Amino acid sequence: MLKRLPYLMLMLFLAILAVSLRASPPIGAVVQTWSYDPTHNPPLVTLKIVNTSHTDITAFNIAIKETYANGHVDKHEVLEELLGKIVRAKELQGDTSRRAENFRRLYGDGAFHAGAVWDEKLPVQPGLTDYQAVVDVVTYMDGTAESTNDDALGRIVEERQATVDSKKIATEIIKTALADANDTNPSMTAARKIQDRATVWKAQQHTKLDLDDVYLEAIANEVKAVSSSSGIVNRRDALKQIVNREEARMSVLSVHAALVKTGGPQ
């Protein structure tokens, strides 16, 4: 009996090692199947991704490995960020216009619902022989996240926070312009200052994304267009509406920028 002890200990060690080397359990969305259409231009892979969680998903990241007949291997990632559509769908609730109906027809309420199947269509090069795809980050409607790829999770948080910070900058500039009773064209004042912030940021070098210059330029153009409205009262009211809209969006986005990781390696 004593002679068998080393053998049993060895088996126990190997069993523990096997468990430790086992792949991490799947998170709340998994790639169920994939199909390849080489006749499509360009060739197309369709992933069927299932939300296996009990919560609606607001974003997911996919790690992909493509292998081709010539031996070339391409590894990359694809992020599907749904938060903007979710926010927009909430804004369109009760809107019966054709624009709102078209949005709902295309995107529903924007979320990837619990138990639903998502078709992710991704172009590839000709000559594909193998395709591997794994969902490695999922963010949820309740502000939590699961991840086996913390770099990708960090990028999601960074981009969302940059959007929140950019909205804060824009709304503060507009409110400052509105507070100046002597400014007869606050929309032009605000548009110029917002555009200046975007221009300065783009001229600098950055190690991280801490501002969304595309958003700033877009909101600057929207604010500038207000200046063509008739009457200073109408222009000021239009600017106040933009501020209210952007502050409402900011309050929603702030929750989803402060993600709490609840699954995956800690």
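Here, each number is a calculation from the coordinates, and none is a lab measurement. What you see is a predicted model; the values in this text were computed from it and never measured. Cβ: placed from backbone, ideal geometry, glycine included. Neighbour counts: every protein chain shown.
Rounded to the nearest 500, what is the chain's calculated 222 nm mean residue ellipticity when only DSSP H runs of at least 4 contribute -39500 (n - 2.57) each, over all residues?
-15500 deg cm²/dmol
Which of the residue pairs K240/K261; K75/K224; K208/K261; K224/K261 have a Cα-Cα distance greater than 31 Å in the structure shown?
K240/K261; K75/K224; K224/K261
Work out how much length K75 to V117 would gain on full extension: take 0.36 nm times their residue separation and subtract the Cα-Cα distance, in nm to one decimal.
Full-extension gain reported as 12.7 nm.
Given the alpha-carbon gyration tensor of the chain, what are the semi-axes of its equivalent ellipsoid in whole angstrom, ordered largest first, with each equal to the square root of 5 times an eigenvalue?
Whole-Å semi-axes of the equivalent ellipsoid: 46, 23, 19.
With a/c under 1.5 counting as rounded, go ahead and sort region 77-157 into rounded, prolate or oblate using the C-alpha gyration tensor (a ≥ b ≥ c being the square roots of the eigenvalues; past the cut-off, prolate if a/b is larger than b/c, else oblate).
oblate
HN-Hα J couplings of region 52-60 from phi, Karplus 6.51/-1.76/1.60, θ = phi - 60°, integer Hz, Gly and Pro as x?
8, 8, 10, 9, 5, 9, 9, 6, 8
Would you please classify the overall shape of region 16-166 from the alpha carbon gyration tensor, given that a ≥ b ≥ c denote the square roots of the eigenvalues, rounded means a/c under 1.5, and beyond that prolate means a/b larger than b/c while oblate covers the rest?
In terms of gyration-tensor shape, oblate.
Starting from the Cα of K175, draw a straight line to each of the aspartates and glutamates and keep only those under 14 Å, dropping any in the same chain fewer than 8 residues away.
D183, D237, E246, E247
Taking the Cβ of K175 as the center, what net charge do the other residues with Cβ under 15 Å away carry, scoring Lys and Arg +1 and Asp and Glu -1?
Computed value for this residue: +2.
For the chain, what relative contact order do you get, as a whole percent, if you take Cα pairs closer than 8 Å and at least 6 residues apart?
Over the chain, the number comes to 20 percent.
State, to one decimal in nm, how far the label point of Q241 lies from the label point of N185, with both points 7 Å from Cα in the Cβ direction.
About 2.1 nm separates the two model spin labels.
Among T139, I49, L211, whose Cα projects farthest towards the positive end of the dipole of the chain, with charges put on the beta-carbon of Lys, Arg (+1) and Asp, Glu (-1)?
My answer, from the dipole projection, is T139.
Check the straight Cα-Cα distances from K48 and name the aspartates and glutamates below 12 Å, setting aside those fewer than 8 residues away within the same chain.
D119, E120
Along the Cα→Cβ direction, 7 angstrom out, place labels at K224 and L44. What is the inter-label distance in nm?
The answer from the label model is 3.7 nm.
If each residue of separation counts as 0.36 nm, what is the full-extension length gain between T207 and T67 once their alpha-carbon separation is subtracted?
Computed gain between T207 and T67 is 47.2 nm.
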